[in-house]
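The values are calculated or read from the model by the stated rules, or taken from the named source; none is laboratory data. Owing to the predicted nature of the structure, the values given are computational and were not obtained by experimental measurement. Because the Cβ atoms are built from the backbone with ideal geometry, glycine has one as well, and the counts that use them run over all protein chains shown.
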Amino acid sequence: MTVNDVFDMWRQLKRGLKDNTFQNYQYRYNMFVRPDFGKTRVSSLKKSDVKRFYNTLADERGLQASTIDSVHTVLHQVLDMAVDDAYLRVSPSDNVLKELKQSHVFKTEKSRGLTKPEQELLLDFLQKNHTYNHWYPIIAVMMGTGLRVGEVTGLRWCDIDLDEGLVDVNHTLVYYDHRETEGKKGCYFNVNTPKTKAGTRQVPMLDFVREAFIREREYQEANDIHCMVTIDGYTDFIFVNRFGATQHQGTLNKAIRRIIRDCNDEVLLRGEADPVLLPHFSCHSLRYTFTTRMCEAGVNIKVI
């Protein structure tokens, strides 16, 4: 009986997880555990083996603490099942992650939203720069609604009401590796329910968000761009690339890295004293940016 065999049993018996959480567990396991460590016989597994495996992920593969943490979350549950079924007396993963974090110095930066000057710099750059101005609408919508990236990329034209100024969030678009799906392999999209029960909601549009949606529609009409995909019965997605395919987090974050680089280069060329520069940030930082602006405006924290 190998670790992979126990994981396959765990996967069949596990209940109570949301689909996207369960899919993320499977992805992490298949990516990092199954190829090598997963082939280890459970009966011969020792705590030092698990510790060595985590050290390899940190030192040789350069994984962040948060990624190793998510690998541990699923592996620990799998090894607990091995204990329950009497393949092991105690779980060799107990306290290993804590020891790893104490012995390694991980680079951790506290996520934060953009400041007002940084936000203004970013939006101004996107509106004026011909190379990147097609990214303005989706970034403005994320910044002005606080939606998760999967909620934004999953928006359809029927989910927004420009007259009433409302965004109806009722599903999320996820992109992951379907290694365990019979007959299907590789990464592709699915539509899931929102991450939490409170995730199904209506979000009011700020003026610049409404303008961003209108700008996106005009851009697509001018360039003859149409949604060309149907995902789990959903189509007519708002934010698509030039081929009519849906956007996803990886593409957006790559674009953001280029935007940060070129925006900062442009600012530095001006030779200003003490210039405002964009920090490194990701799609999710735009969600923090939204909540930061709400806090600064004195909005009740429960409302946020």
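Looking for something touching a residue at least 12 places away in the same chain (Cβ under 8 Å), among the aromatic types (Phe, Trp, Tyr), surrounded by 14 or more Cβ atoms within 10 Å (Cβ to Cβ) and out of contact with any Leu (no Cβ under 9 Å at 6 or more places or on another chain) - is there at least one such residue anywhere in the stretch 211-228?
Checked against the condition, which is being touching a residue at least 12 places away in the same chain (Cβ under 8 Å), among the aromatic types (Phe, Trp, Tyr), surrounded by 14 or more Cβ atoms within 10 Å (Cβ to Cβ) and out of contact with any Leu (no Cβ under 9 Å at 6 or more places or on another chain), the stretch 211-228 yields at least one hit.
If we keep just the residues of the stretch 160-174 that are closer than 10 Å to Gly150 by Cβ and hydrophobic (A, V, I, L, M, F, W, C), which is surrounded by the most Cβ atoms within 10 Å (Cβ to Cβ)? Working first, answer last.
Residues of the stretch 160-174 that are closer than 10 Å to Gly150 by Cβ, as a first pass: 171-174.
With the extra rule that they be hydrophobic (A, V, I, L, M, F, W, C), the set shrinks to 173-174.
On the way: Leu173: 25, Val174: 21.
Here the residue is Leu173.
Of everything in the stretch 108-156, what is of a type in the set (Gly, Ala, Ser) and out of contact with any strand residue (DSSP E or B) (no Cβ under 8 Å at 6 or more places or on another chain)? Give them in sequence order. If you could, list the steps in order and put the result at the bottom.
Restricting attention to the stretch 108-156, the residues satisfying the condition of being of a type in the set (Gly, Ala, Ser) are 111, 113, 140, 144, 146, 150, 154.
Listed by number, the residues that qualify are Ser111, Gly113, Ala140, Gly144.
Working only within the stretch 51-71, note down all residues that are buried (at least 19 other Cβ atoms within 10 Å of the Cβ) and closer than 16 Å to Trp10 by Cβ.
Val71
In the stretch 284-292, is there at least one residue being loosely packed, with under 12 Cβ neighbours inside 10 Å and either at pLDDT below 95 or β-branched (Val, Ile, Thr) (or both)?
Taking the stretch 284-292 as the starting set, the residues that turn out to be loosely packed, with under 12 Cβ neighbours inside 10 Å are none.
No, there is no match, as no residue in the stretch 284-292 is loosely packed, with under 12 Cβ neighbours inside 10 Å and either at pLDDT below 95 or β-branched (Val, Ile, Thr) (or both).
Quick grid of which residues meet (1) in contact with a helix residue (DSSP H, G or I) (Cβ under 8 Å, 6 or more places away or on another chain); (2) of a type in the set (Ser, Thr, Tyr):
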position: Thr196; (1), (2): no, yes
position: Pro204; (1), (2): no, no
position: Phe208; (1), (2): yes, no
position: Asp224; (1), (2): no, no
position: Thr235; (1), (2): no, yes
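Being at pLDDT 90 or above, under 15 Å from Met142 (Cβ atoms) and not acidic (Asp, Glu) is true for just one of Ile238, Ile225. Which residue is that? Outline the logic, then answer.
On the way: Ile225 fails: under 15 Å from Met142 (Cβ atoms).
Answer to the check: Ile238.
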